[in-house]
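Trainee: Take a look at the following structure, please.
The values are calculated or read from the model by the stated rules, or taken from the named source; none is laboratory data. This structure is a prediction, so every number in the text was calculated from the model and none was measured. Cβ: placed from backbone, ideal geometry, glycine included. Neighbour counts: every protein chain shown. Surface areas here come from the heavy atoms of the whole protein model, side chains and all, with no ligands, DNA or RNA. Shrake-Rupley method; radii C 1.70, N 1.55, O 1.52, S 1.80 Å.
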Amino acid sequence: MARPRILSGIQPTSDSFHIGNYFGALRQWVSLQDDNDAFYCVVDLHAITVPGDPQVQRERTRVSYAQLLAAGIDPQRATLFVQSDVPAHSQLAWVMMCLTGYGEASRMTQFKDKTAREGAGSASVGLFTYPCLQVADILLYQANAVPVGEDQRQHLELTRDLAERFNHRYGQTFVVPEPYIVKDSAKILDLQDPSAKMSKSVPAGCVFLLDPPKQIAKKLKSAVTDSQTEVRYDPVNKPGVSNLLSILAAATDRTVAQVEEEYGGGMYGPLKVAAAEAVVAVAEPFAERTRGYLADPAELNRLMAEGAVKARQAAQPTLQAAYAALGLQSHAQ
Ligand code: TYM
């Protein structure tokens, strides 16, 4: 029997992934590649929804690819590629835009949050239709499951809705995918403001994996907690402390319950120190491996080219099936 298909993507929008990306998504990407036919992409087309410097963009895509290798994605087992190398993503995205209601797109919370902060006037149409490109990313590979953090749940619901809508209107074409969200680490919170998720756009409360170990430790040790003193896992009343327990659990491959058993009832200080040490123990070798991949640009280029070919081969039949179902015909033969 064919192995289940997995697809996920990550944006190359900063100089380093952060521990939210790593614990919320990338660790699952690595473990899922054993028993699944996995496709993972650096979504550079999503990154251009906001303006940026081309030279920086090029570099960030390479650093992102190197970090995915460093995280343990094995290009022999999984298909690791850059989104813009596969034109079918943009082609199917247009189809998905035509299937999405304007009101439906307007309800996407990521767009609403972003424009609430920065004003809608300066946002691009691409930022508005961003979720439709994500839907195309997933449906092109007939993915059964999509490993992501909690913040992507709404985009996955849209993916399921559009797959069902297309199948209903034009005939069975797409697999309807399931979200794969690991509860304990699905939402890592900002260390300075535990009412918000950790995000690269707020660097003060965000731990970047490629940062110097000292800086990583300092951020964890100065995490905001609360005015009580006793460690207890209670995400509603003690979000800061609960976040540290989640981070320590993820960094040491344990469950939150196991970590709470060890640190519960104790003071905050030892928990912060343990979390800092555990994250540094993950980040330091990760950064070292990333630098190793970046030091061999020819090999990186070779892997990216190989990934592009494999991904194109997998995506093309789905695009053709979708076009045929829509009555779009190739007149070129
Ligand atoms: P992106 O690039 O923002 O994040 C990559 C992955 O990291 C997860 N994540 C988190 N998990 C836990 N806690 C956090 N604080 C945290 N911050 C980020 C995200 O949930 C994500 O899984 N739209 C997507 C990229 C994308 C995609 C796709 C994902 C494009 N096409 C197709 C899946 C399938 C995004 O912006 O992720």
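Trainee: Once Rh for segment 200-333 is found with the Kirkwood sum over Cα pairs, what is the Stokes-Einstein diffusion coefficient at 4 °C and 1.567 mPa s, in µm²/s?
Mentor: Values: Rh = 18.5 Å.
Stokes-Einstein gives a translational diffusion coefficient of 70 µm²/s.
Trainee: Spelling out what I want: for every residue of segment 185-194, take phi, set θ = phi - 60°, compute 6.51 cos²θ - 1.76 cosθ + 1.60 (Karplus), and round to whole Hz; glycine and proline get x.
Mentor: Karplus values, whole Hz, x for Gly and Pro: 10, 6, 9, 7, 9, 4, 6, 9, 9, x.
Trainee: Given +1 on the Cβ of Lys and Arg, -1 on the Cβ of Asp and Glu, and no further charges, what dipole in debye does segment 241-333 carry about its Cα centre, rounded to the nearest 20? Mind dumping the intermediate values first?
Mentor: Working: 7 positive and 10 negative charges, 103 e Å.
My answer is approximately 500 debye.
Trainee: Let me ask you something else. Let me spell out the model: positive unit charges on the Cβ of Lys and Arg, negative unit charges on the Cβ of Asp and Glu, origin at the Cα centre of segment 193-296. What dipole size does that give, in debye rounded to 20?
Mentor: Values: 12 positive and 13 negative charges, 71 e Å.
It comes to approximately 340 debye.
Trainee: Can you sort GLU261, GLU230 by 1.4 Å-probe accessible area, starting with the largest?
Mentor: On the way: GLU261 160, GLU230 100 Å².
Result of the area sort, largest leading: GLU261, GLU230.
Trainee: Quick check: with the 1.4 Å probe, what order do LYS272, LYS197 take by accessible area, largest first? Could the numbers behind the result be given before it?
Mentor: Details: LYS272 35, LYS197 75 Å².
Ranked from most to least accessible, the order is LYS197, LYS272.
Trainee: Checking the a/c ratio against 1.5 first, then a/b against b/c, what shape does the Cα gyration tensor give for the chain?
Mentor: Details: a/c = 1.87, a/b = 1.60, b/c = 1.17.
It is prolate, given that a/c is not under 1.5 and a/b is the larger ratio.
Trainee: Calculated FRET efficiency, GLU262 and HIS331, Cβ-Cβ r, R0 56 Å, to nearest 0.05? Write down the numbers at each step before the final one.
Mentor: On the way: r = 67 Å, r/R0 = 1.19.
After rounding to 0.05, the efficiency reads 0.25.
Trainee: Here's another thing I want to ask about it. Can you give the local net charge around GLU150? Use residues other than it whose beta-carbon is closer than 10 angstrom to its beta-carbon, Lys and Arg +1, Asp and Glu -1. Before the final figure, lay out the partial values.
Mentor: Values: positive: ARG153, LYS183, LYS187, LYS197; negative: ASP151.
Around GLU150, the charge tally is +3.
Trainee: Which whole-number value in Å² is the accessible area per residue of segment 172-220, probe 1.4 Å? Mind dumping the intermediate values first?
Mentor: Numbers: 2500 Å² over 49 residues.
Each residue of segment 172-220 exposes 51 Å² on average to a 1.4 Å probe.
Trainee: Rounded, prolate or oblate: pick one for segment 171-267, where a ≥ b ≥ c are the square roots of the eigenvalues of its C-alpha gyration tensor, a/c under 1.5 means rounded, and failing that, prolate if a/b is larger than b/c, else oblate.
Mentor: Numbers: a/c = 2.08, a/b = 1.49, b/c = 1.40.
Prolate.
Trainee: Let me ask something additional. Would you list LYS214, LYS310 from the most to the least accessible area, probe 1.4 Å? Can you show the working numbers first?
Mentor: Details: LYS214 175, LYS310 75 Å².
So the residues, ranked largest to smallest area, are LYS214, LYS310.
Trainee: How high is the relative contact order of the chain? Use alpha-carbon pairs under 8 Å, at least six apart in sequence, and give a whole percent. Each step should come with its number before you reach the end.
Mentor: Values: 529 pairs, mean separation 72.2, N = 333.
Normalised by residue count, the contact order of the chain is 22 percent.
Trainee: Can you tell me the length gained on complete extension of the stretch VAL273 to SER122, counting 0.36 nm per residue apart and subtracting the Cα distance?
Mentor: Details: separation 151, 0.36 × 151 = 54.36 nm, distance 4.25 nm.
Taking 0.36 nm per residue and subtracting the Cα distance, the gain is 50.1 nm.
Trainee: When a/c is below 1.5 the answer is rounded, else prolate if a/b is larger than b/c, else oblate, so apply that to segment 41-105 with a ≥ b ≥ c taken from the square roots of the Cα gyration tensor eigenvalues.
Mentor: Details: a/c = 2.58, a/b = 1.55, b/c = 1.67.
Oblate is the answer for segment 41-105, as a/c is 1.5 or above yet b/c matches or exceeds a/b.
Trainee: For the pair SER201/GLN57, report the inter-label distance in nm, with labels modelled 7 Å from Cα in the Cβ direction.
Mentor: 1.8
Trainee: For the pair ALA305/ARG3, report the inter-label distance in nm, with labels modelled 7 Å from Cα in the Cβ direction.
Mentor: 2.6
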